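Notes follow once the structure below has been shown.
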Amino acid sequence: QPVRFFELIADIGNIAPDKAENIRLFHQALGLFRSRQWDEAIERFRALAGDPLAGIYLDRCLSFKHDPPSGDWDHVFELKTK
């Protein structure tokens, strides 16, 4: 059964403008990833260099660009390590 992960960013109402922009860009990139728009997602995730989660998704985009997932792909990944 898939489990969602969440990242604590800041106290409510106390987020820095640059962090808020990075979150907006990440969600935009994630939407592109889920709709299989690999090149556009790659561009957005690269703009978030230094964000570890964006780096994970960037690697997945690069992999899927060359070996796309099946048609019934549900965006779920099985973690092999902690």
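The values are calculated or read from the model by the stated rules, or taken from the named source; none is laboratory data. Everything quoted here is computed from the prediction, not taken from an experiment. Cβ coordinates were reconstructed from backbone atoms using ideal geometry, including for glycine residues, and neighbour counts include every protein chain displayed. All accessible areas refer to the heavy atoms of the entire protein, side chains included, with ligands and DNA or RNA removed. Shrake-Rupley method; radii C 1.70, N 1.55, O 1.52, S 1.80 Å.
Values computed for the structure shown
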quantity	calculated
Column: log10 I(q)/I(0), Debye, Cα scatterers of the chain, q = 0.13 Å⁻¹	-0.46
Peptides 16-25, 45-54, 63-72 ordered by average Cβ neighbours within 10 Å, highest first	45-54, 16-25, 63-72
The chain, accessible surface, carbon-and-sulfur percent (1.4 angstrom probe)	53
Å² of accessible area per residue within the chain, as computed with a 1.4 Å probe and no ligands counted	80
